[in-house]
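Reviewing the structure listed below.
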Amino acid sequence: MDSSGWLPLRPDEDFVAQLLAASRARRGLTCAGADVDAAGLRAACLSADEADPFGLRLADARVTGSLDLRTCTVPVPLRFESCTFTGPVNVQGAKLQELVIIADPRASRPAVLPGLLASGTRITRDLILSGMVVDGDLPTETATGGPASVWLTEADIGGSLIAYGTRILPSTGRAVQGDRIRVAGNIRLVNGFRATGEIRLLAMQLGGSLDVMGAEFAPAGGRALDLAEATIGGSMFLLDSPDTGRRCRLHGRIDMSHATIRGALVIRNADLTAPPAGTGARIYSIASNAGRTFLLAPRLTVHGTLQIEGDTVVHGGILLPGAQLGGGVRLGGAVWNPLDVALDLSQARLDGGFDASAASIEGTVRLDSARVDGPICLDHTTLTKPLNRRCLSAVGLVVTGDVELRGMTAVGGRTAFRGASITGVFDAEDAFVSNPGDTTISLHMAQVTGNVRLCGDFRSTGLVVLSRANIGGRLRADGATLAWSPPAEPFDPPGASNRRGAAIDVIAAVIRGGIDLGWRITSGGADFTGTTTSYLADRPDRDWPPDSYVGGFVYERFEAVEADGGAVWEADARIAWLSRMTPYDPRAWEHLAAVLRTAGDADGADTVLVAQRRQARQLRTGRRRFFDLLQDVTVRYGFRPQRALYLLLALIAAVTAGLSLPGVQAQMRATDQNALVFTPSGAQPLPDEHDPPGDCGNGKVRCLSPFFYAVDTVVPLIDLHQRSTWYPVAERNGVLLEWLLNLCTILGWIASTVFAVSFTRLGRAG
């Protein structure tokens, strides 16, 4: 007896009897490479009632012919070690206790199995195919489709399915066909497992975990693993081998459409490569034929976390539209699918957040209409080579947490959160986003409960869009660098929507917490048309390029930019701020004046309004511009009515001084009711009078008073009976004097009218 637990085969004795005797002795039978007829082996299996529950064990045999155990019942385990089969093993519909076909994968002469037909088989314990080379393309009468090396359709395995170091090498067909297979334990494809055909486990029911460690898949048809509609009671692992360090290498597509994993899906230190676009998809799946896809899993359900970690590299897209991911997504390593979709989580639900920190992604990430119950973290993530210039598309996304993009790099496409709802902070501090001629970051119509942080070393080359956003916190842009640049070459869709050439678009937004600027815009402008906020912290001499728009921009007060001194409230500084802007909009000036007036600076408010009208005058021509200038010179558009009063006083003083001159008084005359003519020095003598009346005709007429005559001339609606009494003579000098006095009357009327209208306007403004 062999002390190792094996009995040697005696060629001159009955094989069946020797195998049964070895079983009863709780030993196996080793054949030292001898041929064993498959018919004799079948006879021994049918006589298994005479064997010990230890089972039937055969080693180092060359089994000739096909071992046919269809519909047989073998109540003891069957174990074949280092045996080579010349024909397939057929156990379809059989009831087996256990089936083990194993060999040493390091042996110089591999053990070969030309195929396994086990559809409908019931195995109480394990099915183990380890170390074998399984080839052959076996058709089956019970299933449609092409051939396969291993058939497990509707098989029922009460234990585990283990393939350690197994190589399944079909010529043209699938490696494994296992539709609707049921496995109570685990499936382990580990440590050098290799398949050159598809492993199809459609609608599988797996009670334990699916472990793929240190395995290699290289299917000729493009699809490596089909788990559509499968249910996995444990977790699914694509890992490097913990024993040998061998990496998992998969060159083909994984299909997990509508599958359910009650544990986690973990991928670590793996090299995963999708087939060329258009290959590896089912014929009836139109959507799956588009693009270069590695993992196609619409409506996938994972109760745990989907993790891609370590130095995993995925060459191809990961498409999970409509997935339910109870533990969220943790994405590390690299996902490279340039000019295509790298990760599709549109309409998915992630209960544990989305973390792709420091990941390298080439292609587009889609989160459209997804719901993420937790934070989204893309800190220091690199997004490049997107499809249709969209690095990250999160239209209609709902996030109950923060969106963290700190240090993120997105080049060649937009990061779009249009219409998103974010219950937390949107943080893009130190991020670099570049998309010349198009949008870089978009929060158009988004709802953000917390702050929006575009600060630190945030850099944008393109257009930042916050239009119609509703932000509950602050907008922080201190330290940011923004630049608008047209595209290097035309593209579709063009960037024509940015007709104003702005570097940041904040049109009609509501920012409740306030706006902190302190940024640097190297090209383009800032468009805050119609935006509402609580305060504005800015540097008016540096933060606003000339082609900025602030019409309808509503703010309540000014605050200081952090680490940059106090708030700028001075009217002159604010006037210079608005004057530098090429587009003139009166709403900006009027609101600035209202803010200053509310803060108690009425003079500053008036100064702003005067400057506004001067700015508007530059747009006028002809008479309107002249009368506008006249209002400016006289009463500063009604905001300095005292200037009209000064003009009246100047006219009164001028007329008074003129009438005080003897030569001017000599031109003045007065007439009483008897038609007597008087001069300021007395009446003219009559022919028969030698002593004419004295001054004022001895009281017959009012005396000429230069001051009151001037008041009566200049100030309207006042009659001191000076102008009606005294008049210039109808001579040359008198006519000129009459013209000058009438001109002063007209000027007085004009000044008085402007003075009255100015007060009326101020009263109406108050």
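Per-structure values
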quantity	calculated
Given (1) more than 21 Å from Asp126 (Cβ to Cβ); (2) touching a Leu at 6+ places or on another chain (Cβ under 7 Å), index of the condition Arg247 fails	(2)
Residue that is modelled with the lowest pLDDT [pool: residues in region 501-538 that are surrounded by fewer than 18 Cβ atoms within 10 Å (Cβ to Cβ) and either assigned to a loop (DSSP other than H, G, I, E, B) or among the acidic types (Asp, Glu) (or both)]	Gly501
Hey, Arg643 surrounded by 13 or more Cβ atoms within 10 Å (Cβ to Cβ), within 22 Å of Ala751 (Cβ to Cβ) and modelled with pLDDT under 75 or not	yes
Candidates Arg122, Arg194, Arg200, Arg109, filtered to the one that is closer than 30 Å to Gly33 by Cβ, open to solvent by 30 Å² or more (accessible area, probe 1.4 Å) and in contact with a Lys or Arg (Cβ under 7 Å, 6 or more places away or on another chain)	Arg194
So Pro139, is it farther than 16 Å from Asp60 by Cα, without any contact (Cβ under 8 Å) to a residue 24 or more places away in the chain and open to solvent by 10 Å² or more (accessible area, probe 1.4 Å)	yes
Residue that is most open to solvent (accessible area, probe 1.4 Å) [pool: residues in region 724-740 that are modelled with pLDDT of 75 or more and more than 15 Å from Ala666 (Cβ to Cβ)]	Trp739
Conditions (1) farther than 28 Å from Thr244 by Cβ; (2) within 47 Å of the chain's Cα centre (by Cα); (3) of a type in the set (Gly, Ala, Ser); number of the one not met by Ser160	(1)
Flag for Arg764 being within 60 Å of the chain's Cα centre (by Cα), basic (Lys, Arg), modelled with pLDDT under 75 and surrounded by fewer than 16 Cβ atoms within 10 Å (Cβ to Cβ)	yes
Single residue of region 82-106 satisfying the filter (assigned to a loop (DSSP other than H, G, I, E, B) and closer than 21 Å to Asn191 by Cα) that is least open to solvent (accessible area, probe 1.4 Å)	Cys83
Of the criteria (1) more than 26 Å from Ala428 (Cα to Cα); (2) in a loop (DSSP other than H, G, I, E, B); (3) touching an Asp or Glu at 6+ places or on another chain (Cβ under 9 Å), which one Ala573 fails	(2)
Qualifying strands (runs of 3 or more DSSP E) (wholly inside region 27-81; at least 3 residues being open to solvent by less than 40 Å² (accessible area, probe 1.4 Å))	28-30, 56-59
Considering residues of region 349-373 that are hydrophobic (A, V, I, L, M, F, W, C) and within 16 Å of Phe417 (Cβ to Cβ) only, the residue farthest from the chain's Cα centre (by Cα)	Leu350
Residue match in region 307-314 (condition: open to solvent by 30 Å² or more (accessible area, probe 1.4 Å), under 24 Å from Phe417 (Cβ atoms), at pLDDT 95 or above and touching a Leu at 6+ places or on another chain (Cβ under 9 Å))	no
Residue in region 578-589 that is closer than 15 Å to Arg542 by Cβ and among the basic types (Lys, Arg) present	yes
Test: Leu596 is closer than 19 Å to Tyr549 by Cα, hydrophobic (A, V, I, L, M, F, W, C), in contact with a helix residue (DSSP H, G or I) (Cβ under 8 Å, 6 or more places away or on another chain) and surrounded by 20 or more Cβ atoms within 10 Å (Cβ to Cβ)	no
Some residue of region 692-700 being at pLDDT below 75 and touching a helix residue (DSSP H, G or I) at 6+ places or on another chain (Cβ under 7 Å)	no
The lone exception for Ala17 - which of (1) open to solvent by less than 60 Å² (accessible area, probe 1.4 Å); (2) under 24 Å from Thr166 (Cβ atoms); (3) of a type outside the set (Asp, Glu) it fails	(2)
Checking Leu339 against (1) hydrophobic (A, V, I, L, M, F, W, C); (2) assigned to a strand (DSSP E or B); (3) crowded, with 19+ Cβ neighbours inside 10 Å, the condition it does not meet	(3)
Cβ-Cβ under 6 Å pairs, at least 6 apart or on other chains, region 124-135 side under 15 Å from Pro75 (Cα atoms), far side among the charged types (D, E, K, R)	Arg125/Glu98; Asp126/Glu98
Answer residue from region 97-154, given it is of a type in the set (Ser, Thr, Tyr) and in contact with a strand residue (DSSP E or B) (Cβ under 9 Å, 6 or more places away or on another chain) and is modelled with the lowest pLDDT among those	Thr142
Test: residue in region 216-225 that is on the phi > 0 side of the Ramachandran plot and modelled with pLDDT of 95 or more	no
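Residue-wise test of (1) open to solvent by 10 Å² or more (accessible area, probe 1.4 Å); (2) under 20 Å from Ala477 (Cβ atoms).
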position: Leu345; (1), (2): no, no
position: Arg349; (1), (2): yes, no
position: Ile376; (1), (2): no, no
position: Thr381; (1), (2): no, no
position: Leu397; (1), (2): no, no
position: Asp402; (1), (2): yes, yes
position: Arg406; (1), (2): yes, yes
position: Ala410; (1), (2): no, yes
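Quick grid of which residues meet (1) surrounded by fewer than 17 Cβ atoms within 10 Å (Cβ to Cβ); (2) among the acidic types (Asp, Glu); (3) within 30 Å of Gly396 (Cα to Cα); (4) under 26 Å from the mean Cα position of the chain (by Cα):
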{"residue": "Ser241", "(1), (2), (3), (4)": "no, no, no, no"}
{"residue": "Thr244", "(1), (2), (3), (4)": "yes, no, no, no"}
{"residue": "Gly252", "(1), (2), (3), (4)": "no, no, no, no"}
{"residue": "Asp255", "(1), (2), (3), (4)": "no, yes, yes, no"}
{"residue": "Asn269", "(1), (2), (3), (4)": "no, no, no, no"}
{"residue": "Leu296", "(1), (2), (3), (4)": "no, no, yes, yes"}
{"residue": "Gly316", "(1), (2), (3), (4)": "no, no, yes, yes"}
{"residue": "Arg330", "(1), (2), (3), (4)": "no, no, yes, yes"}
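The values are calculated or read from the model by the stated rules, or taken from the named source; none is laboratory data. Quick caveat: nothing in here was measured; it's all calculated off a predicted structure. Note that we place each Cβ from the backbone using ideal geometry, even for glycine, and neighbour counts take in every protein chain shown. The protein model used for the area step is the full one, side chains on, heavy atoms only, and it has no ligands, DNA or RNA in it. Shrake-Rupley method; radii C 1.70, N 1.55, O 1.52, S 1.80 Å.
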